[in-house]
1. For the chain, what does the alpha-carbon gyration tensor say about shape, rounded, prolate or oblate, given a ≥ b ≥ c as the root eigenvalues, a/c under 1.5 as rounded, and a/b over b/c as prolate?
2. Kindly sort Lys85, Lys141 by accessible area of their heavy atoms, largest first, with the probe set to 1.4 Å.
3. Could you tell me which residue out of Pro40, Ile136, Val121 lies farthest along the dipole of the chain toward its positive end? Charges go on the beta carbon: Lys and Arg +1, Asp and Glu -1, centred on the Cα centre.
4. Size of the dipole of the stretch 84-124 about the Cα centre, Lys and Arg at +1 and Asp and Glu at -1 on the beta carbon, nothing else charged, in debye to 20?
5. If one computes the Cα centroid of the stretch 38-107 and of the stretch 161-176, what distance in Å separates the two points?
6. Nearest 20 debye, what's the magnitude of the dipole of the stretch 47-166 about its Cα centre given +1 on Lys and Arg Cβ and -1 on Asp and Glu Cβ?
7. Report the one residue of Thr83, Leu57, Phe106 whose Cα lies farthest in the direction of the positive end of the charge dipole of the chain (charges on C-beta: Lys and Arg +1, Asp and Glu -1; origin at the Cα centre).
8. State the answer as a single residue: which of Val189, Ile163, Ala25 lies farthest towards the positive end of the charge dipole of the chain, with beta carbon charges of +1 for Lys and Arg and -1 for Asp and Glu, about the Cα centre.
Amino acid sequence: MRFVLPAALALVIAAPAIAQTQPGAPVASRVVAGTYAVDPAHTQVTWSVNHMGFSMLEGQFGASEGTLTIDPAKPQNAKVDVTFKIDDLSVTAAPFANHLKSKDFFDAATYPTARFVSTGVKVMGTKAVITGNLTIKDQTKPVTLNATFFGAGTNPMSKKLNIGFRATAKIKRSDFGVGAYVPVVGDDVDLTINAAFTAQ
């Protein structure tokens, strides 16, 4: 027991130093003008829907390709274009994933991708309202993202500048032809987006 307490205290004391070693921070001056490629390994869209009033159900999509074009001198002119592979949908059970990919929902065989393309950006400090068009199953609807600049800095692994954002949005799945079982299963979908981009 006498060895555990000093070790625990050492961790508490070291915690601020460890936190300061993170290479990314929401510092606008670190952003360099240019076009950045989406980082598929660190970009996810998590969706949440009310499942029959019993529980909230969540799943996730990862970005397959896309770009962010940004100039820190004119952030309102930023452009985002990101594509997601429907077949890469992730949930907790394979049979359920297959059902979501079927014709009942996303029909991944016919419509293999979804895509978001921004149409406008309103910047307020480290936050922004991003308007754009979301296309699922060839149905395109306007969507508004409430985004926060999460961080920028040189990735110590790749040695390239990385930029990250976090955003939320709300959509109705029936607007995109994915409305099976409404209203037994909720129509309103909450989206949480973690987006990472890396210098090319």
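The values are calculated or read from the model by the stated rules, or taken from the named source; none is laboratory data. As the structure is a computational prediction, the values presented were derived from the model and not from experiment. For neighbour counting, all protein chains shown are included, and Cβ atoms are generated from backbone atoms with ideal geometry for every residue, glycine included. Just the protein is used for accessible areas: all its heavy atoms, side chains included, with ligands, DNA and RNA removed. Shrake-Rupley method; radii C 1.70, N 1.55, O 1.52, S 1.80 Å.
1. Numbers: a/c = 2.15, a/b = 1.32, b/c = 1.63.
Oblate shape, in that a/c is at least 1.5 and b/c is the bigger or equal ratio.
2. Values: Lys85 100, Lys141 80 Å².
The residues order as Lys85, Lys141, largest area first.
3. Projecting each Cα onto the dipole axis, the largest value belongs to Val121.
4. Computed charge dipole of the stretch 84-124: roughly 180 debye.
5. With the stretch 38-107 and the stretch 161-176 each reduced to a Cα centre, they are spaced 8 Å.
6. Numbers: 13 positive and 9 negative charges, 87 e Å.
That gives the stretch 47-166 a dipole magnitude of about 420 debye.
7. Going by the Cα projections, it comes out as Thr83.
8. The one lying farthest along the dipole's positive direction is Ala25.
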